[in-house]
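The values are calculated or read from the model by the stated rules, or taken from the named source; none is laboratory data. Worth saying up front: this structure is predicted, and the values here are computed from it rather than measured. Every residue, glycine among them, receives a Cβ derived from its backbone with ideal geometry; neighbour counts consider all protein chains shown.
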Amino acid sequence: MAQFYLLSVLANAVAGLVLAGGILADRVPFLAGFAKLYAGRTAQAVLGSVTLVVGVIKLFVSSPGELVPVAGDILPALAGIVLGGVLLVETFRPGSEAQAEKYAKVKKISKAVMFYRVPLGIAGAAIALVHFLLPSVVIL
């Protein structure tokens with residue numbers, strides 16, 4: 001369906017730009033708005049959950065003109081799942097020391113994943129751009 005194709009491209013692009021917003025805002029000033037989205041926990045949680053759900057649905061719904069059902073959109077679907085998961089992990093990261101002790105596993109996962117936040121964001125935005133330009137290529 002064309003709607004999920006467009007939603008997948010937009011969700012991956014926005015999630016990728018939000019994750020890489022701090023670095024990109026320094027280099028490209030008009031992308032500073034994405035860095036502000038990263039600061040808001042509610043916007044980050046909504047974007048993360050939408051991107052994650054669209055990524056999972058994208059595994060089963062193919063793009064227009066796609067002939068291979070699952071493998072045709074595997075890269076955008078996996079990018080959506082990963083980017084959405086990273087945004088959600090960052091959203092639910094414990095803030096205080098009392099919460100940090102209670103949610104030690106979440107803090108450990110968050111620390112490990114957030115080290116790769118910017119490269120994952122740039123890769124997700126690049127996957128979204130290539131998927132937009134070449135919709136019927138297998139794996140993209």
query = P135 passes all but one of (1) surrounded by 15 or more Cβ atoms within 10 Å (Cβ to Cβ); (2) modelled with pLDDT of 75 or more; (3) under 13 Å from the mean Cα position of the chain (by Cα); which number fails?
reply = (3)
inquiry  = Considering only residues that are assigned to a helix (DSSP H, G or I) and surrounded by fewer than 21 Cβ atoms within 10 Å (Cβ to Cβ), which ones fall in segment 1-12?
reply    = A2, Q3, F4, L6, L7, L10
query = From the list G55, G72, which one is modelled with pLDDT of 70 or more, closer than 19 Å to L10 by Cα and either in contact with a strand residue (DSSP E or B) (Cβ under 7 Å, 6 or more places away or on another chain) or in a helix (DSSP H, G or I) (or both)?
reply = G55
key: Pair list, Cβ under 6 Å, 6 or more apart: segment 1-25 residue free of Cβ contacts under 8 Å to residues at least 60 places away in the same chain, other residue surrounded by 16 or more Cβ atoms within 10 Å (Cβ to Cβ) and not in a helix (DSSP H, G or I)   = F4/V61
task = Give the residues of segment 21-44 that are at pLDDT 75 or above, out of contact with any Phe, Trp or Tyr (no Cβ under 8 Å at 6 or more places or on another chain) and either buried (at least 21 other Cβ atoms within 10 Å of the Cβ) or in a helix (DSSP H, G or I) (or both), sorted by residue number.
result = I23, D26, R27, P29, R41, T42, A43
